[in-house]
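See below for the structure under consideration.
The values are calculated or read from the model by the stated rules, or taken from the named source; none is laboratory data. It should be emphasised that the depicted structure is a prediction, and the values quoted were computed from it without experimental measurement. Cβ coordinates were reconstructed from backbone atoms using ideal geometry, including for glycine residues, and neighbour counts include every protein chain displayed.
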Amino acid sequence: MIRVEKLSKIYRTSLGSVPALQEIDLQIGAGEIFGIAGYSGAGKSTFLRCLNRLEEADSGRIVIDGEDIRLLNRHDLAQARRRIGMIFQHFNLLDSRNVADNIAFPLELAGQNYAQRRARVEELASLVGLSDKLLSRPSQLSGGQKQRVGIARALALGPRVLLCDEATSALDPPTALQILELLQDLNQRLGLTIVLVTHQLEIIRGFCSQMALLDQGRIVERGPTARIFRSPESLIGKKLLDVGQKLFRPAEVMA
């Protein structure tokens with residue numbers, strides 16, 4: 001489903017060049033929930049944003065569903081992005097719009113008529129458990145409800161891939177668990193491939209079948225989640241898991 005080859009990204013500043021990603025090689029299978037972890041500044045979010053070209057890589061290939069995203073012109077990229085949904089840490093909702101209109105926004109941009117939009121919005125609201133909130137404004141919603149709106153909006157055009165950039169880190173643990181369970185349900189019901197960037201290792205352990213660890217823009221370890229948690233091979237993996245075990249409180253996550 002997703003194949004990344006020799007992907008590199010450099011930020012150029014007044015103080016010089018800063019490598020954000022360095023020759024990333026990665027494969028993510030169709031229907032997987034794939035986790036990416038690392039310390040702050042490791043390149044996790046940059047990598048995720050390169051997958052749909054919100055960030056432009058400097059070199060390498062990004063092949064999604066057989067199509068090299070980096071070779072597409074503006075028109076073809078817009079079409080490809082319909083198959084790649086994205087949800088964010090801070091929801092990115094439009095405060096001037098109610099829930100229904102927030103969900104409908106990508107459908108408006110795609111040129112769907114009102115009847116089509118209304119039917120799709122009602123379907124998506126039911127899917128994420130917000131049928132009774134369609135007329136509410138974002139300011140009237142809880143954090144978990146806002147993220148459900150973000151998920152529904154990301155699903156509006158029927159993507160095959162869902163990119164999640166720290167999608168639960170702004171939520172309390174019980175609400176985060178509910179969102180993760182929703183994502184897991186959507187993965188199974190819709191066959192979505194989900195790429196989940198997070199610094200919360202307990203999330204990866206509980207919900208991702210495969211994972212990769214980033215350090216200074218490089219992948220230092222990848223493989224089955226159970227194997228990495230059982231016996232990490234990289235130094236950064238051992239450090240992350242050691243810190244995670246000290247911070248992890250099962251009662252909070254499993255409540």
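For the reader, a short list of remarks on this structure follows.
- Some residue of region 103-120 being farther than 20 Å from THR175 by Cβ and β-branched (Val, Ile, Thr): no
- Region 1-18 - residue that is at pLDDT 95 or above and not hydroxyl-bearing (Ser, Thr, Tyr) and, of those, surrounded by the fewest Cβ atoms within 10 Å (Cβ to Cβ): LYS6
- Given (1) part of a loop (DSSP other than H, G, I, E, B); (2) at pLDDT below 95; (3) out of contact with any Lys or Arg (no Cβ under 7 Å at 6 or more places or on another chain), number of the condition PHE91 does not satisfy: (3)
- Residues within region 53-85 that are outside any loop (DSSP other than H, G, I, E, B) and closer than 23 Å to GLN22 by Cα, tallied: 11
- Residue check, ALA20 assigned to a loop (DSSP other than H, G, I, E, B) and touching a Ser or Thr at 6+ places or on another chain (Cβ under 7 Å): no
- Total residues in region 13-42, condition over 27 Å from ASN187 (Cβ atoms) and touching a strand residue (DSSP E or B) at 6+ places or on another chain (Cβ under 8 Å): 6
- Taken over region 38-58, the criterion of being among the basic types (Lys, Arg) and over 20 Å from GLU221 (Cβ atoms) is satisfied by ARG49, ARG53.
- Restricting attention to region 162-186, the residues that are touching a Gly at 6+ places or on another chain (Cβ under 7 Å) and either surrounded by fewer than 18 Cβ atoms within 10 Å (Cβ to Cβ) or among the acidic types (Asp, Glu) (or both) total 3.
- Counting residues in region 75-97 that are among the hydrophobic types (A, V, I, L, M, F, W, C) and at positive phi gives one or more.
- Residue tally, condition in contact with a helix residue (DSSP H, G or I) (Cβ under 8 Å, 6 or more places away or on another chain) and exposed (fewer than 14 other Cβ atoms within 10 Å of the Cβ), over region 19-66: 1
- Total residues in region 109-131 satisfying the condition of being assigned to a helix (DSSP H, G or I), crowded, with 20+ Cβ neighbours inside 10 Å and hydrophobic (A, V, I, L, M, F, W, C): the figure is 4.
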